Structures are given as structure tokens and as C-alpha cells.
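Only one structure is covered here, and it is reproduced in the block below.
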Amino acid sequence: QPPQQAFPTGATLGTSTIPTKLTWSATDEGGSIASYQLQRSTNGGSFTNVSLASATSTTKTLQLSPGSTYQFRVRATDSAGNSSDWATGPAFLIDAQQENSGAIVQTGSWTQQALTSAYGGGVEYAKAKGSAAQFTFTGHDVAWVTTKAPDRGKATVSVDGVVVKTVDLYASTAQFRKVVFSQSNLDPTVSHTIAVQVLGTKNSASSDTRVDIDAFVVLR
């Protein structure tokens, strides 16, 4: 099967790159898979090899650049030395929208803060119950990037108007540029909306209810 891509929840963005997880598989009638070969094309260029953790790895997480188009292909070799044809996935674009993007609509009370450890160097945050940030996009995967820290609170995440998850942003030490929510397998031919709503509540160990918007990232 060709490589499929998604944003791994719990991953950390680089200062200018976005972690993207690739997964693939193969079957061999009457035998076993001895190895895989993964290759990448960037912005329509030639395919080049991507190193794997082991010969039979079926996942790889790469830090990819927003604004670039990628395409991956994989082939398998069985224990008898027979190799499959290349299985090529569709090309996809990575898009990142900073917290101050005009595509993000905010309601309630939000504050802009320069933060060198954040993705792009800043965040917007809110503490009051009901404050919300909404991002409308087209694509098949979306993720919310934020900060976890000792003074962070809780928020709900909705996709297309349905609450999918309540996220607790408390952490005993600060964690910047974290993917705390991701949604895959959306219909890329229609518009979708992801919304983060501040609950005004917190973990008992947290000292505040603050919720950050660092970025929203999309695969399309």
C-alpha cells in the first residue's frame, strides 16, 4: 500500500518545520516482507531515498517545510528477493497558519504575546470561558499546535461543529510547539472548520486556565 500521511498527536514542531508521519504496508502471498524502500519527491523533483529505522519499518516521521509539496513512494522486497512495483501516494501540500492569521476568527478576549519558543515566534492566548478561535480550511488532515505548561487550562476542540475532544494543556514543565490535537481522513473537496473553545477550567495541579493558539497546520 502507498504511504499515507498524518500529523502525529504529541509531536513537537520544529521552529520552521512540521512533523508528518508516514505509514505503509505490504503483504506477500506465501512469504514474508524482508525490507522496504521509501523515497521522497519535493516540489515535483526527483525521488530520493529516505532512511528507515530498520529494514522492515512501516512508519517514518519527518520534519517537512510548510509551503512545499511532497510525494512519497514505497516498494517492498520479500524473503526470496522479489521486489514489488513502486506504490506511490498522492502529492500533498503542507500549510501552516500562524496565530495571527486572518484565516483564524477569534471571539472573546485574546492577547498577543511574543514567545521565541513558539512556532513563528508568538502565540495568542485567552483565559476566560467561552473565548474561541475558529479556522476554516480545505484539506484532509488538520492539527492544533499550542503550548503545554504548569499554568495552562482546558479547552474543547470541535471539527465541523462537533466537539471531538477536551484537551488538558497542563504539564509540569513547559512544552512548546506541541501537536495536541489532530484529525485525519477529512474530505479534501469541501471546506472544514476546526474550533478551539476555552473552558475556563483547569487541572487541579495547574495555576491558571490559559489556552494558547500557536498555529493550525493542514495537509492538502
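The values are calculated or read from the model by the stated rules, or taken from the named source; none is laboratory data. Everything quoted here is computed from the prediction, not taken from an experiment. Don't worry about glycine lacking a Cβ; one is built from the backbone with ideal geometry, like all the others, and counts go over all protein chains shown. Each accessible area value is taken on the protein alone, full model and side chains, heavy atoms only, with ligands, DNA and RNA left out. Shrake-Rupley method; radii C 1.70, N 1.55, O 1.52, S 1.80 Å.
When the accessible area of segment 95-218 is computed with all protein chains present and a 1.4 Å probe, what percentage of it is carbon and sulfur? Working shown, then result.
Working: 2360 of 5120 Å².
Summing carbon and sulfur atoms, their accessible area is 46 percent of the total for segment 95-218.
What the Cβ-Cβ distance of ALA205 and ALA114 gives, at R0 = 35 Å and to the nearest 0.05, is a FRET efficiency of 0.85. Modelled label positions at ASP187 and ASP85, each set 7 Å beyond Cα in the direction of Cβ, lie 3.0 nm from each other. Counting only lysines at least 8 places from LYS127 when in the same chain, those with an alpha carbon closer than 27 Å to its own are LYS148, LYS154, LYS165, LYS178, LYS202. Peptides 158-169, 140-151, 188-199 ordered by packing proxy, namely the average of other Cβ atoms within 10 Å per residue, highest first: 140-151, 188-199, 158-169. In angstrom, the C-alpha Rg and Dmax of the chain are 19.5, 64.
So for each of 43-49, 129-135 I average, over its residues, the number of other beta carbons within 10 Å; can you give me the resulting order with the highest mean first?
Values: 43-49: 10.3, 129-135: 17.9.
Taking the mean over residues of other Cβ atoms within 10 Å, the ranking is 129-135, 43-49.
Annotation for GLN63 and GLN1: the two label points, set 7 Å from Cα along the Cα-Cβ direction, are 2.9 nm apart. Remark: segment 1-122 carries 51 Å² of accessible area per residue (probe radius 1.4 Å; ligands, DNA and RNA excluded). Whole-percent P(r), segment 62-145, all Cα pairs, 10 Å bins from 0: 13, 32, 24, 15, 10, 6, 1.
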